[in-house]
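Participant: Here it is, the structure, as structure tokens.
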Amino acid sequence: MAELPEYYFRVRDNGAFVFRVDTENRQRRIELDQIAVVNIRNGEIKPQGDRDLTPEDEAEITRWMQERKRLLALRDIDDIHRAVDYLNTTTHWAQSKASPDQLEEVTDALLLAMHDLRTVLVRKKADRLTKG
């Protein structure tokens, strides 16, 4: 049987609830003892109740926070690559499959969203070129 981790992180918006996993009890049940709440946005680690976190607790929580930030950053860029794919499939749909009524339903929203995106991208590109 695989060894359970010492800590369990229940993910929530902007962080997690941190639990210590306990299997060393009379009933041999898995118990989750909440030890902290973390916020990855501001880096805050709040011990639960009157607890004092051990250096090992803090090190593991910090390691998890760094890994979580890395994972979320990878997901963000993957979502953007998917958006490019969606734009391409939307273009193909509009050109070859969409009915006039379907185009009427989505054209204004798409044009505004694309204009907004283009404006931001052009401005950011110009900023990079003038700084670089």
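Participant: Sort out for me the strands (runs of 3 or more DSSP E) sitting completely within the stretch 1-57 that have 1 or more residues that are hydroxyl-bearing (Ser, Thr, Tyr) and over 17 Å from Leu71 (Cα atoms).
Facilitator: Details: elements: 7-12, 15-22, 31-39, 44-47.
Passing ranges, in order: 7-12.
Participant: Select, from Trp64, Trp93, the only residue that is more than 28 Å from the chain's Cα centre (by Cα), surrounded by 12 or more Cβ atoms within 10 Å (Cβ to Cβ) and not assigned by TED's automatic domain parsing to the domain that holds Leu117. Talk me through it step by step, then tell me what you get.
Facilitator: Numbers: Trp64 fails: more than 28 Å from the chain's Cα centre (by Cα).
Selected residue: Trp93, the only one of Trp64, Trp93 that is more than 28 Å from the chain's Cα centre (by Cα), surrounded by 12 or more Cβ atoms within 10 Å (Cβ to Cβ) and not assigned by TED's automatic domain parsing to the domain that holds Leu117.
Participant: I need every pair where a residue in the stretch 1-12 that is at pLDDT 95 or above has its Cβ under 6 Å from the Cβ of a residue that is of a type in the set (Gly, Ala, Ser), sequence separation at least 6 or different chains.
Facilitator: Phe9/Ala16; Arg10/Ala16
Participant: Applying the selection to the stretch 1-52, what residues are surrounded by fewer than 16 Cβ atoms within 10 Å (Cβ to Cβ) and under 20 Å from the mean Cα position of the chain (by Cα)?
Facilitator: Arg10, Val11, Arg12, Asp13, Asn14, Asn39, Arg41, Asn42, Gly43, Glu44
The values are calculated or read from the model by the stated rules, or taken from the named source; none is laboratory data. All figures in this text were calculated on a predicted structure; none of them were measured in a lab. As a convention, Cβ positions derive from the backbone with ideal geometry for all residues, glycine included, and neighbour counts pool all protein chains shown.
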